[in-house]
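What follows is a set of notes on a single structure, which appears directly below.
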Amino acid sequence: MALVIKKKSSARKKSQVISIAIPVYNEVENVPILYDHLKPVLQKLPFIFEIIFVDDGSTDGTYAAIQKLQQQDHRIKAISFSRNFGHQAALTAGLQCSTGDAVITMDGDLQHPPSLLPTLIEKWQQGNQVVFTVRESTADESLFKKLTSKLFYRIMAASSKTPVQPFGADFRLLDRAVVASLNTLEERDRFLRGLIGWLGFTAIGVPYTADARAAGTSKYSTRKMIKFAVDGILSFSATPLHLVTFLGLIVSALSFAYGAYSLYAYFFTERTIPGWTSLLVTILFLGGVQLISIGFLGEYLLRVYNETKRRPLYIIKDTLNIDIPQ
Ligand code: UDP
Ligand code: MG
């Protein structure tokens, strides 16, 4: 089914609504700090804002901190998940609940500077429907994270036709049209950076320097990061599968040649002593290739399996100042 996106004809007027969606997972200290930084920035802008916190199953009182802030500022809204569903699910929930003409997504740990919001909005008003940000450097990023993220974007670029902005972060502004089409995508293994690239629309990048986390530690464990990277690659590329097929063909050709040679040796030469070293090497090698291939197939199958279950991406336990979208 082709999706037709209606173009908004209205010229960009004042008093438009802009939503800010912020996923937070155990960020009790950062929530008030972020709010204190956001408030003066928003005050200077001629828009109506809604600030949507998505509490991704925090266990440290993050939701209570948001509730407290909400009493001071009625622009604050919140959704609370029944458990931790992950950053990408939380972002998705934020986008689905937002009502603004544009939606800005940003992290809750102040690594995405609120001072960049006016620039994002300005670019949007110039007619860009996706304003993404490009991280120039992160003050407290470990060498391991730097290297692995570099490697990941290299693999992504080499293996997929969908453009994924290198060093992009989930800090961006999306026009309502983009959010609306994004909300129609139902896949479970969500890699938003890829999905947004896949959607198209007019996009522009804005560079920024990520600050160090205001408080607490990264909520992306190495395990979560690996899952995120694997999701990204497998959802947007069939290259691993092609690679397996290609490897299979080469190995088969080599084994065929070796088989022919061993027959020749058996019938026409004196060298008939069973070369069990070579036999062992061949078996081990083939076994390895087969295991890798089955692994890849399994990874794709798992994704098909996850999609067919049609489970929701997240479960909402409570909402604050917001209607649960159905
Ligand atoms: N986050 C989340 N769910 C998770 C992990 C992280 O909502 O399972 C939030 C987290 O609170 C933060 C943002 O996603 O606001 C980015 O996470 P983090 O800062 O830990 O990632 P990093 O900046 O280290 O890549
Ligand atoms: Mg962070």
Which residue, 71, 111, 125, tops the fluctuation ranking in a GNM of the chain built on C-alpha contacts under 10 Å?
71
For region 233-320, diffusion coefficient by Stokes-Einstein and Kirkwood Rh (Cα), 25 °C, 0.890 mPa s, µm²/s
146
What shape does region 92-247 have by the C-alpha gyration tensor, where a ≥ b ≥ c are the square roots of the eigenvalues, rounded means a/c under 1.5, and otherwise prolate means a/b greater than b/c and oblate the rest?
oblate
Once you charge only the Cβ atoms, +1 for Lys and Arg and -1 for Asp and Glu, what is the size of the charge dipole of the chain about its Cα centre, to the nearest 20 debye?
660
Options 102, 89, 287, ranked by Cα towards positive dipole end of the chain, top entry (Cβ charges):
102
Using eta = 0.890 mPa s and T = 25 °C, Stokes-Einstein with Kirkwood Rh from Cα pairs puts D for the chain, in µm² s⁻¹, at 110
With only helices counted (DSSP H, runs n ≥ 4, each -39500 (n - 2.57)), the per-residue ellipticity at 222 nm for the chain, to the nearest 500, works out to -16000 deg cm²/dmol
Listed highest first by mean packing, meaning other Cβ atoms within 10 Å per residue, what order do 76-86, 178-188, 96-106 come in?
96-106, 76-86, 178-188
Would you list 299, 270 from fewest to most Cβ contacts within 10 Å?
270, 299
Most fluctuating of 244, 31, 54 in the GNM of the chain (C-alpha, under 10 Å) is 244
Of the listed links 145/219; 150/227; 77/145; 145/317, those spanning more than 25 angstrom between alpha carbons are 77/145; 145/317
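Bear in mind that the values in this text are calculations on the coordinates, not laboratory data. Keep in mind it's a predicted model, so treat the numbers as computed, not measured. Methodologically, a virtual Cβ is constructed for each residue, glycine included, from the backbone with ideal geometry; neighbour enumeration extends over all protein chains shown.
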